[in-house]
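The values are calculated or read from the model by the stated rules, or taken from the named source; none is laboratory data. Note that the structure is predicted; figures quoted are calculated from it, not measured. Neighbour counts run over all protein chains shown; Cβ positions are idealised from the backbone, glycine included.
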Amino acid sequence: MSRKRKSSEGLNENPKKAIKLRPDLSEITAVIVEVGLGKTRAEILANQLARRGGKRIKQLDSSATHVLIDKKLSVERVKKYLCVKDIPKEVAVVDSDWLSTCLSEGKLVAVDEYILREVKSSDTASACELRKSRVEEIVSDVGGEEVEHSESFNVDVGMGTGGETTGTSTVFSRSPVKYSVVGLQDRSGDDGSDYTDSGDEESKSDRSPVVSPNVSPEKLQTTLVCTQASTSNQGNHNQFITDKLQVLATAYANTKDQWRALGYKKAIASIKNYHKKLETWEECNNLPFVGERLAKKIWEIVQTGHLRRLDHVDPKQDAINLFVGVWGAGPTAAETWVSQGLKTLQDLKNHGKLTRQQQIGLKYYDEFLERMSREEAGKIEEVVKKAALDINPGLEAFACGSFRRGKPTCGDVDIIVSHPDGKSHEGVMARLLEILKSSGFLTDDLTLAENGMQRKYLGVCKLPGENTKHRRLDIIVVPYNEWACALLYFTGSDYFNRSMRLLAKNNGMSLSEHSLNTGVIRKGNEKIFEGTPLPVCTEKDVFDYLGLEYRGPHERDCGKVGVISCRRRDGLVFLEEMSYICVKEDEISLMCNGTRYDRHEVPLNYKDSKFWIYLGTYLGLVLFAGLMSGLTMGLLSLDVLSLKVLQRGGKPIEKKYASKILPIVEKHHLLLVTLLLANAAAVESMPIFMDRISTPVIAIVVSVTAVLLFGE
DNA sequence: TGACAGTGGGT
DNA sequence: ACCCAC
DNA sequence: GTCA
Ligand SMILES: O=c1ccn([C@H]2C[C@H](O)[C@@H](COP(=O)(O)OP(=O)(O)OP(=O)(O)O)O2)c(=O)[nH]1
Ligand SMILES: [Mg+2]
C-alpha cells in the first residue's frame with residue numbers, strides 16, 4: 001500500500017521529473033555480456049532495461065539491436081562468449097556505460113561515442129551510419145511520447161483492483177497492451193529500486209506432475225481425504241488453489257529469484273494447512289505468509305476459479321522447467337539452453353553443452369524424477385550397510401532423509417556412516433566406494449571419487465536384477481563427535497533444517513551438519529566469530545539447547561514450509577527474542593512449520609542484552625546469599641543477654657544499634673527461618689540463571705565456588 | 001529495507 | 001565467483 | 001513474496 005501511495009504522489013507532485021527519468025527503451029533488444037561487467041551489474045542493467053520496456057536476451061539472434069559489454073572487453077572475446085563467428089553489422093556493440101548514461105540522462109543518448117566495434121576498414125562508416133539513423137529514429141520516436149504506463153499498467157494487472165484512478169486516468173493515450181510479458185516479471189509498483197535479486201534457486205521444478213486444473217473442489221475434497229492417506233494431517237482442502245500457485249512458485253524458482261518462490265511456497269504451505277475450504281476474503285487475507293498480493297491472487301481463484309496471471313507465463317517456461325529437471329542443471333543452465341533455441345531433451349542431447357554431471361543427469365532423466373518405494377530404499381540401505389560392515393564391523397550406517405522420516409516413497413537414499421570410536425571412520429569412504437563399485441552397484445559418480453579425505457559422495461546406484469532402476473545415492477562419512485548434528489542434518493527435512501537453523505541463529509547460535517555453536521558474533525549478517533561448539537551427543541540435545549521439544553524423525557516432515565517464529569497462544573506476535581521468559585507456564589509457545597512447540601529456556605550469550613541482566617542478577621544473588629548467611633551467623637551468635645547489656649551500658653552508638661537489633665533477635669526462630677529461606681532461595685536460583693548463560697556443568701561449578709567464597 | 005540456513009563440490 | 005546440490 |  002505505502003508503495004503505491006508513494007509512486008502516485010511522486011507522479012502528481014513532479015510529473016516532469018517522472019517522465020524525464022524514464023526513457024523509453026522499448027525498441028532495444030540487447031545482449032548484455034556479463035564477463036568483465038560482473039553478474040550483479042549486468043543484472044541491474046537488465047532490470048532497468050526491462051523496466052523501461054527494453055528486452056534483454058541471452059543469445060545473439062536476429063532480434064538483437066545492441067550488445068552491451070564492458071569497455072575493457074575486446075570484441076574478439078565477446079564473439080567467443082556469444083559463440084558466434086561474427087556480429088551482424090546492424091547490431092551495435094556498445095560500452096555498457098551507454099545504457100547507464102541513458103538511464104541517468106533520462107533519454108536515449110547517441111550511441112556513437114560508445115561504439116566498441118572493431119574498426120575494420122571501409123564498412124565501419126556505413127555501419128555507423130546505419131546505426132545512427134536507427135538511433136535517431138528511436139529518439140524521435142520517444143520524444144513525442146509519454147512514458148510510464150507500461151509500469152502503472154503492470155501494477156494494475158498485478159494488483160487486481162488496487163490501482164487508484166488517479167494514475168490511470170491521467171496517463172493512458174497509448175495502448176499499453178504489451179505489458180512486458182518477459183517471463184514472469186510481475187513487478188512491484190515502486191520506482192527507483194532496482195532489485196538486484198541475483199539469487200536463483202528454491203526447489204527444482206517440483207516434480208509432481210501438475211494436476212490438471214479445474215477439477216471441482218467438492219470432488220477433490222472428498223477424494224482427497226481418502227487418497228491422501230495417513231501421512232498428512234487432514235488433506236488439502238484447497239488444492240485447486242495451491243496447484244495454480246504452485247505453477248508460479250516453480251516458475252519463479254526455476255527462473256527468477258528464489259525468494260519470491262520461497263514466499264509462494266510458504267503461502268502454499270499455509271493454504272494447504274488450512275482446515276477448510278477458503279471462502280471469504282477475510283480468510284484469505286489472514287493466512288500466515290499470505291500478504292496483500294497473494295491474497296488477491298487467492299481471492300481471484302476462489303471467486304473465478306482461475307488465475308489470469310497463469311495465462312501470461314512465458315512460453316519458454318515449459319522448456320526451462322524441463323531442463324531444470326536434469327540433475328546438475330539449474331535456472332541458469334536451463335535459461336542458457338533455452339535461449340540457444342533448445343527445446344527438448346533431444347535438442348539438449350544433440351546440441352547442448354553439458355557438464356559431466358549434467359550428462360549423467362540427462363542420461364537418467366526419467367529415472368531420477370521417479371521416486372522409489374520405501375522398500376527399495378531399504379534394500380539399498382542394506383547393500384551399503386553390508387559393504388560398510390565388511391570394512392569394519394564396528395561401523396554404523398543408516399539411511400536418513402525421507403527414508404528415516406518414514407515417508408512412503410523416497411527420491412533418493414541418504415546414508416550416513418560413522419564409527420563410535422571416533423577415528424575408524426577415516427578413509428572409509430574410499431574403501432566403501434571401491435567395494436560398491438566393484439560389485440557393480442554404483443553405476444555413476446556425480447562427485448569425483450578422487451579425493452582421499454572425502455566426506456560426501458553423490459552418485460548413482462542400481463540394485464541387481466532385471467527391472468530395477470538407477471537411483472540416486474548420497475553417502476556421508478562423519479567423525480563420531482559430529483554424529484548427532486550430522487544425523488539431524490541428513491534426516492531433514494530440508495525446511496525443517498532451515499527452520500531450526502534460523503532459530504539457532506536468532507539466538508546467537510549457529511547450527512550446521514557439523515555442530516551447534518554458541519556465542520556466535522555477527523556483525524550485521526556476517527559471522528565475525530564462529531562461536532564455540534556445544535557438546536551435543538544426541539539429536540535431542542540440539543532440541544534442548546534450542547528450547548524445543550524433541551521431535552522424532554517422522555515429525556520433521558515439513559510439507560509445511562515455515563519460519564520459526566514466536567507467537568502467543570492467543571495468536572499475537574509477541575516478537576522475537578526467543579529468550580523471552582515464561583512467566584505463566586505454557587503461555588509461550590513456538591510456531592514452527594505450522595505446528596506449535598512449547599519452549600523451555602534457551603541458552604543466552606553476550607550478544608543478548610538479556611545476558612547481562614542474567615549476569616547481573618546472578619551476581620546480585622551471590623552477594624545476597626552471602627549477606628544472608630553472614631547475617632545468619634552473626635545475628636544468631638549474639639545472645640539476647642549481652643545485647644541487653646549493651647543497650648544499657650554501652651556507648652551511645654552501641655546503644656542505638658542494640659535497641660534496633662534487639663527486637664529482631666528476640667523473635668528468634670522467625671529470624672532464623674527468614675534468613676535461611678532467603679539464603680536458600682538465592683543459592684538455589686543461582687544455577688538457574690547461570691544455566692542460561694553457560695553450560696550446566698560450568699554453571700554448577702561456578703555457583704558452588706561462588707557461594708563458598710562469598711557466602712560461607 | 002534487509003533477511004529468508006549453512007555447507008561443500010564442480011567449473 | 002558462480003552454479004548447483006544436500 | 002512475506003515479515004519485522
Ligand atoms: O537444501 C537442503 C536439502 C537437503 N538437506 C538435508 C535434509 C534432507 O533430508 C537431507 C537429504 O536430502 P534429500 O534431497 O535427499 O531430501 P529428502 O528429505 O531425503 O527427500 P527425498 O525423498 O527427495 O530424497 O539433506 C538440507 O539440509 N538442505
Ligand atoms: Mg533423500
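So, in region A:436-460, of the ones that are over 30 Å from A:T538 (Cβ atoms) and among the hydrophobic types (A, V, I, L, M, F, W, C), which residue ends up surrounded by the fewest Cβ atoms within 10 Å (Cβ to Cβ)?
Among them, the one singled out is A:L448.
Can you tell me which residue in region A:284-302 is nearest to DNA strand C (Cβ to nearest atom), limited to those that are surrounded by 16 or more Cβ atoms within 10 Å (Cβ to Cβ) and closer than 18 Å to A:Q258 by Cα?
It comes out as A:F289.
Please go through region A:261-277 and give me each residue that is among the aliphatic types (A, V, I, L, M) and away from ligand 1 (no atom under 16 Å from the Cβ), ordered by number.
Of everything in region A:261-277, those that are among the aliphatic types (A, V, I, L, M) and away from ligand 1 (no atom under 16 Å from the Cβ) turn out to be A:A267, A:I268, A:I271.
Which members of region A:250-260 meet the condition of being within 16 Å of ligand 1 (Cβ to nearest atom) and surrounded by 22 or more Cβ atoms within 10 Å (Cβ to Cβ)?
Scanning region A:250-260 gives A:T250, A:A253, A:N254.
When you go through A:G305, A:G263 one by one, which is the residue that is within 16 Å of DNA strand B (Cβ to nearest atom), of a type in the set (G, A, S), surrounded by fewer than 22 Cβ atoms within 10 Å (Cβ to Cβ) and more than 30 Å from A:Y364 (Cα to Cα)?
Being within 16 Å of DNA strand B (Cβ to nearest atom), of a type in the set (G, A, S), surrounded by fewer than 22 Cβ atoms within 10 Å (Cβ to Cβ) and more than 30 Å from A:Y364 (Cα to Cα) holds for just one of A:G305, A:G263, which is A:G263.
Exactly one condition in (1) at pLDDT 95 or above; (2) farther than 26 Å from A:G394 by Cα; (3) within 14 Å of DNA strand B (Cβ to nearest atom); (4) polar (S, T, N, Q) is false for A:N525; which is it?
(1)
Quick one: is A:Y495 closer than 28 Å to A:T538 by Cα and within 16 Å of DNA strand D (Cβ to nearest atom)?
Criteria met by A:Y495.
Mind checking which helices (runs of 4 or more DSSP H) fall wholly inside region A:313-355 and carry at least 1 residues that are more than 27 Å from the chain's Cα centre (by Cα) and modelled with pLDDT of 95 or more?
The qualifying helices (runs of 4 or more DSSP H) are A:331-339, A:345-351.
Residue-wise test of (1) assigned to a loop (DSSP other than H, G, I, E, B); (2) modelled with pLDDT of 50 or more; (3) at positive phi; (4) out of contact with any Leu (no Cβ under 7 Å at 6 or more places or on another chain).
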| site | (1), (2), (3), (4) |
| --- | --- |
| A:V536 | yes, yes, no, no |
| A:G547 | yes, yes, yes, yes |
| A:R551 | yes, yes, no, yes |
| A:H554 | no, yes, no, yes |
| A:C582 | yes, no, no, yes |
| A:D586 | yes, no, yes, yes |
| A:M591 | no, no, no, yes |
| A:Y597 | no, no, no, no |
| A:P603 | yes, no, no, yes |
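Between a first residue in region A:408-435 that is closer than 15 Å to A:R472 by Cβ and a second residue that is surrounded by 14 or more Cβ atoms within 10 Å (Cβ to Cβ) and of a type in the set (V, I, T), which pairs have beta carbons less than 7 Å apart while being 6 or more apart in sequence or on different chains?
A:V413/A:I380; A:I415/A:V384; A:I415/A:I475
Looking at A:A295, is it modelled with pLDDT under 95 and assigned to a helix (DSSP H, G or I)?
no
Could you tell me whether A:E375 is more than 16 Å from DNA strand D (Cβ to nearest atom), within 26 Å of A:R551 (Cβ to Cβ) and outside any strand (DSSP E or B)?
Against the criterion (more than 16 Å from DNA strand D (Cβ to nearest atom), within 26 Å of A:R551 (Cβ to Cβ) and outside any strand (DSSP E or B)), A:E375 qualifies.
Does A:G492 satisfy the condition of being surrounded by fewer than 18 Cβ atoms within 10 Å (Cβ to Cβ) and either away from DNA strand C (no atom under 16 Å from the Cβ) or within 30 Å of A:K265 (Cα to Cα) (or both)?
Spelling it out, it is not the case that A:G492 is surrounded by fewer than 18 Cβ atoms within 10 Å (Cβ to Cβ) and either away from DNA strand C (no atom under 16 Å from the Cβ) or within 30 Å of A:K265 (Cα to Cα) (or both).
With respect to A:V428, determine if the residue is more than 16 Å from ligand 1 (Cβ to nearest atom) and within 34 Å of the chain's Cα centre (by Cα).
Against the criterion (more than 16 Å from ligand 1 (Cβ to nearest atom) and within 34 Å of the chain's Cα centre (by Cα)), A:V428 qualifies.
Can you find, within region A:378-401, the residue that is surrounded by the most Cβ atoms within 10 Å (Cβ to Cβ) among those that are of a type in the set (A, V, I, L, M), part of a helix (DSSP H, G or I) and more than 13 Å from ligand 1 (Cβ to nearest atom)?
Filtering first and then ranking leaves A:A388.
What is the residue count in region A:402-435 for residues that are under 21 Å from A:H470 (Cα atoms), exposed (fewer than 15 other Cβ atoms within 10 Å of the Cβ) and more than 16 Å from ligand 2 (Cβ to nearest atom)?
Within region A:402-435, residues that are under 21 Å from A:H470 (Cα atoms), exposed (fewer than 15 other Cβ atoms within 10 Å of the Cβ) and more than 16 Å from ligand 2 (Cβ to nearest atom) number 1.
Can you work out which of the residues in region A:462-484 that are over 21 Å from A:T538 (Cβ atoms) and within 14 Å of ligand 1 (Cβ to nearest atom) is nearest to the chain's Cα centre (by Cα)?
Taking the candidates together, the pick is A:D474.
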